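The values are calculated or read from the model by the stated rules, or taken from the named source; none is laboratory data. Note that the coordinates shown come from a computational prediction; the quantities given were computed from them, not determined experimentally. Neighbour counts run over all protein chains shown; Cβ positions are idealised from the backbone, glycine included. Calculation scope for accessible area: heavy atoms of the full protein, side chains included, ligands and nucleic acids excluded. Shrake-Rupley method; radii C 1.70, N 1.55, O 1.52, S 1.80 Å.
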Amino acid sequence: PTDDIVDRPQVAISGTVRPAPNPDRNAYFGDLHVHTEFSFDASAFGTTATPADAYRYAQGEAIQHPGGYEVQLVQPLDFYAVTDHGVFLGLINEAADTTTEFSKYDLAKPYHDINKTVDGGLRDLSKRSQFFNNFIADVVGGMRDGTLSIEEVGEISSAAWMETIAAADAAYLPGQFTTFAGYEFTSSTAEREALHRNVIFRGTERLPILPFSRFNSINPEGLWDWMDAIRALGIESLAI
């Protein structure tokens with residue numbers, strides 16, 4: 001709903017001077033399609049990096065790969081957006097973490113500690129393909145039979161969304177490294193054809209408490225209508 005907006009203060013960094021615009025225009029390099037452990041598919045295949053980890057990686061720091069080795073960029077990027085799936089955002093983490101309330105559901109038990117060991121072998125990949133294929137069906141089935149409430153799923157996803165926004169704010173360095181709050185919307189047809197769109201917000205001062213996802217509509221027109229509605233409230237976004 002468009003009236004569920006979070007007011008967030010501006011991030012001020014003292015002593016930072018923005019460079020003058022270059023009349024010849026500079027080329028900037030970045031990534032606007034990045035998944036972390038908050039996406040059920042990435043997490044199912046062994047990703048344990050958080051949004052904060054992703055922004056550290058974009059700035060040139062080494063992080064751990066699911067295969068057990070470190071990965072690092074040769075050159076830091078200029079801009080970056082963590083765009084995890086809006087649907088089931090952060091949910092598989094809650095299932096995997098046995099200290100959470102969500103992990104106590106029967107549907108969550110197959111996913112307990114799924115990333116405690118990741119070897120990347122064929123047997124491991126086969127097991128993880130089952131995680132990937134079964135998670136959506138298990139969660140949707142739980143909501144349909146009443147064992148899992150939509151409200152609880154929304155609360156978990158909202159908390160993950162707030163952490164995503166906070167990570168973007170914390171990593172933002174004006175004039176040096178530009179970050180965006182964003183997420184991925186997936187539309188779908190009856191034949192299960194999908195077309196993904198990365199939704200990038202211009203700022204983080206006032207954002208919806210939850211991303212618009214396929215729970216709201218499977219059609220891109222629904223996404224565009226939502227974007228128009230929040231734009232009327234002063235929240236600018238772009239779907240790529």
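Within segment 192-212, which residues are under 24 Å from Ala170 (Cα atoms) and touching a residue at least 40 places away in the same chain (Cβ under 8 Å)?
If the condition is that a residue be under 24 Å from Ala170 (Cα atoms) and touching a residue at least 40 places away in the same chain (Cβ under 8 Å), then Asn198, Val199, Ile200, Thr204, Glu205, Arg206, Leu207, Pro208, Ile209, Leu210, Pro211, Phe212 are the ones that fit.
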- For segment 141-181, how many residues are modelled with pLDDT of 95 or more and either among the hydrophobic types (A, V, I, L, M, F, W, C) or outside any helix (DSSP H, G or I) (or both)? 17
- Message: Looking at segment 182-196, can you tell me whether even one residue there is surrounded by 14 or more Cβ atoms within 10 Å (Cβ to Cβ), over 16 Å from the mean Cα position of the chain (by Cα), farther than 23 Å from Gly141 by Cβ and hydrophobic (A, V, I, L, M, F, W, C)?
- Response: no
- Item | segment 27-69, subset assigned to a loop (DSSP other than H, G, I, E, B) and hydroxyl-bearing (Ser, Thr, Tyr), residue most open to solvent (accessible area, probe 1.4 Å) | Tyr28
- Return yes or no: is Ile218 open to solvent by 60 Å² or more (accessible area, probe 1.4 Å), of a type in the set (A, V, I, L, M) and modelled with pLDDT under 95? yes
- Message: When you scan segment 83-97, do you find a residue that is buried (at least 16 other Cβ atoms within 10 Å of the Cβ) and on the phi > 0 side of the Ramachandran plot, even just one?
- Response: yes
